[in-house]
Amino acid sequence: MIRLLVEAGLGLRSVTRAMMFREDWSDGLNLTTGGLVRSFVAVLLSLPVFWLVLTGSYRLVSELSDLPVPPYTSADFIIDQLRIWLVFPILAVLLTRLAGIPQRFVHWVILHNWAVLFLFLVQAGIIVFYLAGLLSASMALDAIRLFYLIIVRAIVHISVAFVALQQRNVRGVTLAFIPVMVDLILMEVLP
């Protein structure tokens with residue numbers, strides 16, 4: 001377990017280095033097929049963070065809305081987890097092949113998995129400040145909408161695509177945003 005936590009620490013460090021476009025972003029990161037499989041440990045590590053974000057978001061929405069908030073079911077949880085962790089690798093296979101860089105698939109998925117955990121931690125930080133009473137509900141919602149969704153999520157996905165795919169151009173931005181747009185569409189159409 002400690003080894004997995006160390007690997008998670010290296011993964012999160014790699015994400016922060018990627019956000020700074022550092023050439024050494026992958027130092028210490030296992031970029032093999034085994035590393036790809038192990039990067040899905042981020043799923044397990046993200047579950048308590050996901051729960052915190054989910055419960056805090058429900059409280060936030062309940063505070064801001066006069067309408068009852070529909071319950072979050074087990075089916076909703078399964079759909080969300082599949083959307084978060086399965087859709088991206090499928091898109092990454094297709095996009096790296098279409099872009100003519102299939103050898104970068106493993107790099108992109110590994111770094112993306114750790115980036116998802118990083119993004120959950122950012123959301124959790126906002127929710128913790130809200131739950132602690134340091135942010136009002138409207139301030140927390142604005143922080144999630146403006147700071148997280150527009151700024152942080154964009155920066156993380158663009159930098160991850162730039163360094164993992166070695167595409168520091170419009171092509172890299174396009175490759176970064178296709179999975180984000182697909183995710184946003186799926187969030188709207190799935191129950």
How far is helix 74-85 tilted, in degrees, relative to the longest principal axis of the Cα atoms in the chain, given as a value from 0 to 90 rounded to the nearest 10? 30
Rounded to the nearest 10, the angle in degrees between the Cα long axis of helix 87-98 and the longest principal axis of the Cα atoms of the chain comes to 30
With unit charges on the beta carbon (Lys/Arg positive, Asp/Glu negative), name the residue among Thr32, Leu82, Ala18 whose Cα is farthest towards the positive pole of the charge dipole of the chain. Thr32
Per-peptide average of other Cβ atoms within 10 Å, ordering 117-127, 43-53 highest first: 117-127, 43-53
Rounded to the nearest 20 debye, what is the charge dipole size of the range 2-189 about its Cα centre when +1 sits on each Lys and Arg Cβ and -1 on each Asp and Glu Cβ? 580
Around Ala115: net Lys/Arg minus Asp/Glu count, Cβ-Cβ under 14 Å: +2
Angle between the Cα long axis of helix 153-165 and the longest principal axis of the chain, 0 to 90 degrees, nearest 10? 10
Once the Cβ-Cβ distance between Arg83 and Asn169 is put in as r, and R0 is 25 Å, what FRET efficiency do you end up with, to the nearest 0.05? 0.30
Going 7 Å from the Cα of Gln103 in the Cα-to-Cβ direction, what parts of the range 140-180 have a backbone nitrogen less than 18 Å from that spot? 162-168
Using the charge dipole of the chain (Lys, Arg: +1 at Cβ; Asp, Glu: -1 at Cβ; taken about the Cα centre), state which of Pro71, Pro102, Ile144 has its Cα farthest towards the positive end. Pro102
Taking the Cβ of Leu98 as the centre, find all other residues whose Cβ is under 15 Å away and add up their charges (Lys, Arg: +1; Asp, Glu: -1). +3
Residues with amide H under 5 Å from that of Leu135, placed H, sequence gap 5 or more: Tyr130
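Taken together, the values in this text are just the output of simple stated rules run on the coordinates, not laboratory data. Fair warning: this is a prediction, and the values are worked out from it, not measured in the lab. Ideal geometry is used to build each Cβ from the backbone, glycine not excepted, and the neighbour counts take in all protein chains shown.
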